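Down below is the structure, laid out as structure tokens.
Every read-out reported here was derived from the displayed coordinates using simple, explicitly stated rules and does not represent laboratory data. This is a predicted model, so every value here is computed, not measured. With ideal geometry, Cβ positions are generated from the backbone for all residues, glycine too; neighbour counts draw on all protein chains shown.
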């Protein structure tokens with residue numbers, strides 16, 4: 001069994017390319033179901049602590065930079081659009097467009113991660129890193145006292161902020177790696193209107209990561225405490 | 001290979017709808033709706049998610065099987081969250097035994113406001129405070 | 001008698017040789033055998049820990065192990081047996097080997113992912129072994145916080161990472177099965193014609209896919225908490241240690257069904273074949289597998305009745321736990337009904353299957369004691385629990401696993417094993433098992449807590465009985481290991497279908513060729529269409 005076999009036709013265990021394509025899509029969706037549950041554990045824990053420590057979580061939201069969060073939301077949804085267009089280009093067999101859209105998606109993804117890194121650095125400077133360096137001061141501390149939010153509870157909020165966005169960023173990095181492979185394969189001309197299953201499957205993954213962010217953005221940056 | 005090719009226009013429209021959703025959710029966050037703020041934010045997020053799943057991820061044109069797989073993933077998430085939360089929500093239904101002092105366990109409704117909590121502690125009988 | 005090598009046809013074992021042909025194989029049958037070797041090794045590791053514990057417990061104030069070492073022994077035993085033996089045992093060995101063959105496919109849908117899952121398992125297993133050799137872990141297999149996150153000085157982090165990694169092997173296996181069963185069935189093989197082994201593995205895969213990731217994220221949270229001490233599970237910092245238990249049991253209770261559902265699938269195959277009858281109530285048995293998989297996700301709180309969990313949540317969890325008994329009882333009933341007026345033969349696999357039915361029933365019924373809130377307060381944390389889940393996991397899963405290995409061994413190896421020895425071993429295992437674990441029900445009911453290195457004098461008789469039983473059980477497990485390996489070289493050739501069984505896997509030579517079938521089979525009849533004219537009840 002080698003890679004070239006997969007490129008030229010369907011893999012030996014399948015009857016035809018159609019079956020292989022369906023299996024690939026179903027496999028990715030089944031995997032995404034596990035991803036839902038993986039992030040689900042975090043969302044469940046977040047729900048409980050947020051309800052228990054509402055003032056602290058609302059204060060935590062205030063300490064995040066809404067503009068950067070919103071900017072990143074636009075960037076990531078934009079990357080979903082380019083990804084969807086990449087899949088479409090693969091379907092219609094437009095190879096140049098396919099490569100272009102993959103590159104665009106990667107640029108937007110990298111931009112997202114860049115902003116994220118900037119935000120993390122900012123939190124480090126403000127001593128808002130749970131466990132390692134958590135000692136809010138100045139304006140941050142004022143906010144915390146003003147809203148009667150205990151410092152340990154605000155630290156819990158930042159645990160979730162870092163765990164959730166960190167896990168999301170990790171998925172983005174993996175996604176960028178997958179896209180890089182996809183780009184190489186598309187430049188080599190591996191894909192055609194008959195065989196584009198990997199493009200579609202990667203697209204599904206990328207959109208899923210986008211969906212996670214669609215929830216993280218309001219849960220972490222927005223709700224409560226912006227008025 | 002048969003695969004439903006969606007026109008570019010649809011993708012762009014969905015993208016614009018998602019942008020509108022993002023603007024709405026940011027805007028709603030600045031209006032004080034009380035507890036509804038969370039509901040509105042999550043409702044908008046669910047709508048955005050549905051747009052992505054149905055159109056970007058092609059579930060609208062996928063087989064019944066694919067739809068079931070997607071739905072069951074979210075159904076299981078609901079099971080996880082709702083049953084876990086049901087424990088926390090009902091913990092405070094049974095009052096702490098007399099003389100035990102306030103419970104330190106996390107109970108959702110009683111800690112809605114931390115100020116109320118401290119007030120309770122302050123008014124606790126001297127015997128509890130002495131412990 | 002020395003039989004020559006089976007040279008009659010090219011099959012998956014002789015198609016190529018050498019270590020590389022195994023380590024880089026994508027053949028589901030070879031990967032199944034890789035798993036067979038690795039889970040057997042891990043079984044020996046976990047078994048060794050059990051032997052040491054049982055030796056320590058022969059005397060009330062045993063001097064063999066320090067209490068701290070004892071803690072590490074039961075943790076090692078639990079972690080190795082659950083994550084590295086019971087969960088992969090039937091799905092990854094028999095499932096890998098049989099799922100494609102039973103549905104008439106050439107391989108699983110994603111053969112390379114299948115191989116990857118074995119390597120992932122291997123990495124997890126090696127990390128665990130390193131942790132054990134490096135001083136072990138003393139949290140028990142449940143890693144309860146805050147002990148694991150704040151206080152334990154043992155290798156919690158390493159073992160947690162190992163369990164995290166191994167989880168992915170389980171996810172990948174489940175993923176492969178689901179896609180394969182959906183997309184790659186032979187023509188004519190409708191859902192209502194699928195062997196019940198396949199239904200059981202389908203249900204198991206659902207749990208693997210939807211449960212395992214929650215364990216993964218829980219272990220990530222545990223690791224982060226242990227490194228950062230940021231308070232997620234630390235009550236001093238506002239965290240709730242019970243949240244860990246919620247998330248942990250959300251996976252780990254359904255994980256029990258990962259262990260038992262495939263076993264039920266195996267037993268359905270064995271019972272029908274050796275009573276020469278169709279299964280009684282095919283559809284009900286098939287759907288009860290799915291019902292168990294789904295209901296299994298709703299009952300995890302019964303592990304937390306005596307914690308700070310809300311009593312009201314406890315009530316709901318208790319009621320839901322009773323519901324799981326229904327599909328389980330349906331299966332037992334239907335197996336028994338299948339036996340009724342069947343022409344039963346007592347070959348070794350059948351002995352294991354019959355043993356399974358009895359022991360699983362006992363394990364299941366004692367589970368109802370523990371699902372009741374009030375009795376659970378008395379029994380929780382005692383040897384009653386230990387006995388209960390060993391009746392399910394050892395009496396259930398391992399009996400079925402061994403039954404399955406004996407049933408399909410001729411298919412796997414192309415050789416027959418000595419039947420008399422096999423039947424003898426099945427008997428020894430059954431006796432040894434009951435001698436080991438029945439006294440533990442009594443011990444627990446009398447109030448002996450689990451996880452202690454010492455106990456009061458009055459419990460000694462029952463403990464000695466249990467330890468004696470463990471040695472019998474150990475001998476019972478050693479016998480098949482010897483004769484099965486012996487049969488690889490000296491066993492007589494089996495032929496394609498030594499049991500006269502139905503099912504696609506028996507319609508291809510033993511051992512099967514690499515692509516399983518000469519040409520894709522076409523299915524025209526339902527499963528278990530045994531010569532029904534003689535024994536049809538209707």
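The table for this structure:
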item: With Cα atoms, 0 to 90° folded angle of helix A:95-125 axis to chain A main axis; result: 20 degrees
item: Per-selection metrics, the stretch C:386-475 (Cα): Rg and Dmax in Å; result: 16.1, 53
item: Rounded, prolate or oblate (a/c below 1.5 giving rounded, otherwise prolate when a/b exceeds b/c) for the protein assembly as shown by Cα gyration tensor; result: oblate
item: For the stretch B:23-96: rounded, prolate or oblate by the Cα gyration tensor [a/c cutoff 1.5]; result: oblate
item: Label point distance in nm, residue A:65-residue C:446, each placed 7 Å from Cα along Cα→Cβ; result: 6.9 nm
item: Residue mean of other protein chain beta carbons inside 10 Å, C:147-156; result: 0
item: Degrees, to the nearest 10: C:383-392 long Cα axis against longest axis of chain C; result: 20 degrees
item: The stretch B:1-62: C-alpha gyration tensor shape, a/c 1.5 cut-off, then a/b vs b/c; result: oblate
item: Measure of compaction for the stretch C:236-394 (Cα Rg per 2.2 N^0.38 Å); result: 1.16
item: Residue A:192/residue B:10 FRET efficiency (R0 30 Å; Cβ-Cβ; nearest 0.05); result: 0.80
item: Estimated FRET transfer efficiency (residue C:192, residue B:17; beta-carbon r; R0 30 Å; 0.05); result: 0.10
item: Computed [θ] at 222 nm, helices only, for chain C once each DSSP H run of length n ≥ 4 contributes -39500 (n - 2.57); result: -21500 deg cm²/dmol
item: Quotient of Cα Rg and 2.2 N^0.38 Å for chain C, N being how many residues it contains; result: 0.95
item: Listed residues A:132, A:216, A:85, most fluctuating in chain A (Gaussian network, C-alpha, under 10 Å); result: A:132
item: Between the stretch B:35-61 and the stretch A:21-37, the alpha-carbon center distance in angstrom; result: 19 Å
item: Relative contact order [Cα under 8 Å, 6+ residues apart], the stretch C:25-530, whole percent; result: 18 percent
item: Inter-chain shielding of C:226-237 (mean C-beta neighbours from other protein chains, 10 Å cut-off); result: 5
item: Within a Gaussian network of chain A (alpha carbon springs, distance under 10 Å), most fluctuating of A:152, A:130, A:198; result: A:152
item: Relative contact order, percent, chain A [alpha-carbon distance under 8 Å, six or more residues apart]; result: 34 percent
item: Within the stretch A:200-227: backbone nitrogen closer than 14 Å to the residue B:31 label point (7 Å, Cα to C-beta); result: A:227
item: Relative contact order computed over the stretch C:408-515 (Cα-Cα under 8 Å; 6+ residues apart), in percent; result: 47 percent
item: Between 0 and 90°, nearest 10: helix C:311-339 axis offset from chain C longest Cα axis; result: 30 degrees
item: Among A:80, A:197, A:127: highest mean-square fluctuation, GNM of chain A, C-alpha pairs under 10 Å; result: A:127
item: FRET efficiency estimate (nearest 0.05) - Cβ-Cβ, residue C:522 to residue C:284, R0 35 angstrom; result: 0.80
item: Shielding of C:23-32 by partner chains, average beta-carbon count, 10 Å; result: 1
item: Footprinting exposure proxy for C:249, C:199, C:22, C:141 (fewest neighbouring C-beta atoms within 10 Å first); result: C:22, C:141, C:249, C:199
item: For chain A, calculated [θ]222 nm from helices alone, where every DSSP H run of n ≥ 4 adds -39500 (n - 2.57); result: -27000 deg cm²/dmol
